[in-house]
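The next block holds one structure in the form of structure tokens; read it before the comments.
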Amino acid sequence: MKDIQNLQDDRRISIRKVGVKTISYPITVLDRQKKLQHTVATVDMYVNLPHRFKGTHMSRFVEILNRFHGKFDLQKFHLILQEMKDQLDAEAAHLEVRFPYFLERTAQGGGVERYECRMHGSLQEGDDLVMELNVPITLPDSLGRWGYAQVSVRFNEFIWLEDLISKVQQAIRVGSSAASVESLCGQLGETLQTTAEISWFRVEVENLADGCSTFATVESTLS
């Protein structure tokens, strides 16, 4: 039987993205207190297909994912991307993992807080990994949820997700006196600029209101 996917394609049109998406997959992520936290992720895997190939083997994406048993950290992310790129003979590989992360509250009557996280990695000549998390904002004078802070970072070195969340929460507490998207965004930017483990960040603070929302963003590349 012919391998149609690897037949020569004379049209010379490169496919920007080809792969599988919205895979519901059980994963484990690092947890400083419990060592590992089990959660369920939504995974997208795709590659840039060179123009010389007609297609790729879709089943290989899940096969590669299965070989790593759903364990995700910075090193595993790079290894998965490298295997995608090599096994699929791709110009570039991309992996996106979205998952809820849970932390026990130390205030507000205890309980558990849920944080929506996203890791997006790409590998072409070099690799790139961005971690994004949504931190809910509840201010003293607000009734219910005031808004959220969406924080995206690139790393110089490893940082516990709990520590990053804690830094964001502390900055929100410091900037909450003015209770504006500008003050909170500025305070978050100031905090992340002094975080040695981070090489780049982008912050968006949004205040949820009836009829419309207000927002502010800041972005910086650090030395």
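In table form, for the structure just shown:
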{"read-out": "Convex hull volume of segment 57-179 per residue (C-alpha atoms, cubic angstrom)", "value": "133 Å³"}
{"read-out": "Cβ-placed point charges (K, R +1; D, E -1), dipole of the chain about Cα centre in debye, nearest 20", "value": "640 debye"}
{"read-out": "Value in Å of the Kirkwood radius, where the chain supplies the Cα pairs that are averaged", "value": "19.4 Å"}
{"read-out": "Leading residue at positive end of dipole, the chain (Cβ point charges), from LEU188, GLN87, ASN156", "value": "GLN87"}
{"read-out": "Orientation-averaged projected area, Cα convex hull of segment 138-223 (nm²)", "value": "5.5 nm²"}
{"read-out": "Peptides 117-127, 164-174 ordered by average Cβ neighbours within 10 Å, highest first", "value": "164-174, 117-127"}
{"read-out": "0 to 90° range, to nearest 10: angle between helix 181-193 axis and the chain longest Cα axis", "value": "70 degrees"}
{"read-out": "Mean ellipticity per residue at 222 nm, deg cm²/dmol - from DSSP H runs of n ≥ 4 across the chain, formula -39500 (n - 2.57)", "value": "-7000 deg cm²/dmol"}
{"read-out": "Folded to 0 to 90 degrees: helix 74-87 orientation relative to the chain principal axis, Cα", "value": "20 degrees"}
{"read-out": "Whole-number accessible area per residue in Å² for the chain, which is evaluated in the context of all protein chains at 1.4 Å", "value": "56 Å²"}
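The values are calculated or read from the model by the stated rules, or taken from the named source; none is laboratory data. The model shown is predicted, which means the values in this text are computed figures rather than measured ones. Here Cβ is always computed from backbone atoms with ideal geometry, including for glycine, and neighbour counts include all displayed protein chains. Ligands, DNA and RNA are excluded from the accessible area calculation, which covers all protein heavy atoms including side chains. Shrake-Rupley method; radii C 1.70, N 1.55, O 1.52, S 1.80 Å.
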